1. Looking only at the range 1-8, decide whether some residue is at pLDDT 85 or above and in contact with a Ser or Thr (Cβ under 9 Å, 6 or more places away or on another chain).
2. Here is a check on your reading of the model: is residue 126 modelled with pLDDT under 85 and closer than 19 Å to residue 42 by Cβ?
3. Search the range 69-89 for residues that are farther than 13 Å from residue 39 by Cα and pair each with any residue that is surrounded by 13 or more Cβ atoms within 10 Å (Cβ to Cβ) and of a type in the set (A, V, I, L, M) when their beta-carbon atoms are under 7 Å apart and the residues are at least 6 apart or on different chains.
4. Output the qualifying pairs, or none if there are none: Cβ atoms under 6 angstrom, residues six or more apart or on different chains, first residue in the range 11-29 and surrounded by 12 or more Cβ atoms within 10 Å (Cβ to Cβ), second residue of a type in the set (D, E, K, R).
5. Can you give me the number of residues within the range 61-117 that are within 19 Å of the chain's Cα centre (by Cα), modelled with pLDDT under 85 and open to solvent by 60 Å² or more (accessible area, probe 1.4 Å)?
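The values are calculated or read from the model by the stated rules, or taken from the named source; none is laboratory data. Bear in mind that the values here come from a model prediction, so they are computed numbers and not experimental data. Every residue, glycine as well, gets a Cβ built from its backbone with ideal geometry; the counts of neighbours run over all protein chains shown. For accessibility, only protein heavy atoms count, side chains too; no ligands or nucleic acids. Shrake-Rupley method; radii C 1.70, N 1.55, O 1.52, S 1.80 Å.
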Amino acid sequence: EKYRQKNAGEKLTGYYADGFCQSGLYAVLRKPNYAAEQSIWIVFYLFGVASMNGAVENDQAEIYNNKLKLWWNWTALGWILLVSLFYSSGKLTEQITLKKYPLYKRYQKRVGMYIPFVGPFIWKMLGNSGDDNDDANTAKKQT
């Protein structure tokens, strides 16, 4: 639809004028694909923990007699590395998007990056008023 409007010489409106998707999953999370990938690895880790629980309770594995050791297994390395990788690449793409689309800052205040509804909470904790008028005026000046 966006390219049809552009090719027809029509003025872009709504999300098309903003330049980035804000509907569907993107209305709840800014990075839903990253969040899903991270969730898969965290769940994989939890399956590893659950599989060792029986060994600890039945004392079948000498190495795992301490309950604390139950929570550290080789799958922890996977989720820790991948969550840090996705966090870093997510921050990088956020910076690029902010430079390209000035209205993205308003979207960041409304929507969490990886966890739903965390964005507005963080902005309030940081003491921001959440006033979108300043961002809209800045965007209008830049266009």
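1. no
2. On the way: modelled with pLDDT under 85: yes; closer than 19 Å to residue 42 by Cβ: no.
Spelling it out, it is not the case that residue 126 is modelled with pLDDT under 85 and closer than 19 Å to residue 42 by Cβ.
3. Filtered contacts from the range 69-89: 70/49; 70/52; 70/56; 71/49; 73/49; 73/52.
4. The qualifying pairs are 16/2.
5. Residues that pass the stated criteria total 2.
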